[in-house]
Every structure is written in structure tokens, then in C-alpha cells.
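Step one of this worksheet: look at the structure below.
The values are calculated or read from the model by the stated rules, or taken from the named source; none is laboratory data. The structure presented is a predicted model; accordingly, all values stated were derived computationally and were not measured. Using ideal geometry, Cβ is built from the backbone for each residue, glycine included, and neighbour counts are taken over all protein chains shown. The accessibility values were calculated without ligands, DNA or RNA, using every heavy atom of the protein model including side chains. Shrake-Rupley method; radii C 1.70, N 1.55, O 1.52, S 1.80 Å.
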Amino acid sequence: MKKVLIINGGQNFGHSGGKYNQTIADNTLAVLEEFDNVEVKITNVSENYDKNEEVEKFVWADYIIYHTPIWWFQLPNGLKKYIDEVFTAGHAKGIYMSDGRNAENPEINYGTGGMLGGRKYMLTTSWNAPATAFTLPGEFFSEKSVDEGPLFGFHRMNAFVSMEKMESFHFHDVEKNANIERDMKLYREHVRNVFEKELRSELVS
């Protein structure tokens, strides 16, 4: 049985009600329920949570799926607070032991003290920005992808605790030109394809 932790980073703030990311989380769960050998837990960061219980969920899981809107090119405050609290609580308790260096040679091995080795994570984000803002010459993000540009630090954070990245999925132009039916269909296909490959490799090995 493979274990998946879904972290829904949507929240009610300003003009955002968190509904879009709830829809993404619901679609994720619907696809994962197609597999007989998958167990799922869900955390909604907008609800009350116990940081130590969340540490236990990370240790329990084989896969972490993050769902987050992007506000001002960063994680929303609720998800950032969740990560700060939970990862800090996870020091020497399953998330990370140290930054990986030692006093004898502190210039090397930074970022090798994570404790979540063997686990993988997937990131989904939702943007007002269109996909072309990342791909076209002269557009806002200078031809840097979401993963290589604004979310580079997020991916290094997960590498720091020794998790391996799976293929991300990014929703674009969700405020002015949203096509929820189309985008959720594409997203469900993405999740299905990724986990079919993951679970097939587990069966082979």
C-alpha cells in the first residue's frame, strides 16, 4: 500500500476564497481513488492543524502532493507558515537532522542532512499569469519556467529534506480566462499518468 499526503495550500484571503485549490485537491483524490493500493491523507492548511501530527504525516507518506495558489509570486502566507512550523518541528524527528555539513569541512555537503529520503513530491500551482508569460521572449518571466524561476526555492527546500521531485503541473490564467473543465481534465490525466508509472515501477521492483 502506497501512502499519499495531499497538502491543500488554498485559503480565504482578500478576493481569494480558496475554492480553486479545493477543486484541484478534490480532483487529485478522485484519481488516486482509482488505484487499489493507495492510501490518502489530506491536510488543509486553512484549518487548524497540529504541527507534530503533520510531521508524522510527512514521515508516514511515500508521496507528498502540494496544491498552492501563487500570491505575489510566492507561496500564500498560510502555506508558508505551515511549512515553517512543520519543518521546524520535524528537526531530528523525521524531516531533517541538520544542514548536512560538519565542522571539519563546512564548505561542502550543505543540504544533505534531510531525513525524508525515498519519498517523492509533486507540486501544483495556480496563477493569474498566462503560460506565455513564462515562455515567450520579452514577456514577464524572461523565459524562466515556474519551477526554474519563481518556485526554484520551493524545490530546493524539498531537496534539503531529501525528497525527490516528480513532474509539476501548473494552472495558468485562472482569473481572467479560466477553463476549469478543460484544465481539470488535463490535470487528472497528469496525475493518472504519473502514478501509473510510479506504481508500475514499484510492482516491477
### Task
Being assigned to a loop (DSSP other than H, G, I, E, B), closer than 22 Å to K120 by Cβ and open to solvent by 50 Å² or more (accessible area, probe 1.4 Å) narrows it down to one of E167, E139, so name that one.
E167
### Task
Scan region 184-205 for residues that are modelled with pLDDT of 95 or more and within 18 Å of the chain's Cα centre (by Cα) and report the count.
11
### Residue, surrounded by the most Cβ atoms within 10 Å (Cβ to Cβ), within region 101-136, restricted to residues that are in contact with a helix residue (DSSP H, G or I) (Cβ under 9 Å, 6 or more places away or on another chain) and charged (D, E, K, R)
R119
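The rows are residues; the columns are (1) at pLDDT 95 or above; (2) among the aliphatic types (A, V, I, L, M); (3) in a strand (DSSP E or B); (4) closer than 29 Å to K2 by Cα.
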{"residue": "I65", "(1), (2), (3), (4)": "yes, yes, yes, yes"}
{"residue": "G100", "(1), (2), (3), (4)": "yes, no, no, yes"}
{"residue": "A103", "(1), (2), (3), (4)": "no, yes, no, no"}
{"residue": "E107", "(1), (2), (3), (4)": "yes, no, no, no"}
{"residue": "L116", "(1), (2), (3), (4)": "yes, yes, no, yes"}
{"residue": "T124", "(1), (2), (3), (4)": "yes, no, yes, yes"}
{"residue": "G153", "(1), (2), (3), (4)": "yes, no, no, yes"}
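Scan region 18-42 for residues that are outside any helix (DSSP H, G or I) and either open to solvent by 50 Å² or more (accessible area, probe 1.4 Å) or touching a Phe, Trp or Tyr at 6+ places or on another chain (Cβ under 6 Å) (or both) and report the count.
Step one: of region 18-42, the residues outside any helix (DSSP H, G or I) are 18, 33-42.
Pick out the ones that are also either open to solvent by 50 Å² or more (accessible area, probe 1.4 Å) or touching a Phe, Trp or Tyr at 6+ places or on another chain (Cβ under 6 Å) (or both) and you get 33-34, 36-37, 39, 41-42.
Qualifying residue count, region 18-42: 7.
Those residues that are open to solvent by 60 Å² or more (accessible area, probe 1.4 Å) and aromatic (F, W, Y), I need them from region 142-157; list them, please. Give the steps one after another, and end with the answer.
To start, the set of residues in region 142-157 that are open to solvent by 60 Å² or more (accessible area, probe 1.4 Å) comprises 142-144, 148, 152, 156.
F152 - this is the single residue of region 142-157 that is open to solvent by 60 Å² or more (accessible area, probe 1.4 Å) and aromatic (F, W, Y).
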### Query
Residue check, H172 against (1) more than 14 Å from the chain's Cα centre (by Cα); (2) open to solvent by 50 Å² or more (accessible area, probe 1.4 Å), all met but one. Which one?
(2)
### Query
Given the structure, is E85 under 30 Å from L186 (Cα atoms) and not in a loop (DSSP other than H, G, I, E, B)?
no
### Query
Which of the residues belonging to region 187-205 are surrounded by 12 or more Cβ atoms within 10 Å (Cβ to Cβ) and either aliphatic (A, V, I, L, M) or over 21 Å from E33 (Cα atoms) (or both)?
V191, V194, L199
### Task
Look at region 15-48 and say how many of its residues are touching a residue at least 40 places away in the same chain (Cβ under 8 Å) and farther than 18 Å from T124 by Cα.
4
#### Entry: Residues of region 87-100 that turn out to be over 30 Å from N21 (Cα atoms) and open to solvent by 90 Å² or more (accessible area, probe 1.4 Å), as a count
1
#### Entry: Residue among D84, D62 that alone is among the charged types (D, E, K, R) and surrounded by 13 or more Cβ atoms within 10 Å (Cβ to Cβ)
D62
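Considering region 1-17 alone, what residues qualify as being open to solvent by less than 10 Å² (accessible area, probe 1.4 Å) and either β-branched (V, I, T) or part of a strand (DSSP E or B) (or both)? Let's see the steps before the verdict.
Of region 1-17, the ones open to solvent by less than 10 Å² (accessible area, probe 1.4 Å) are 4-10.
Result: V4, L5, I6, I7, N8.
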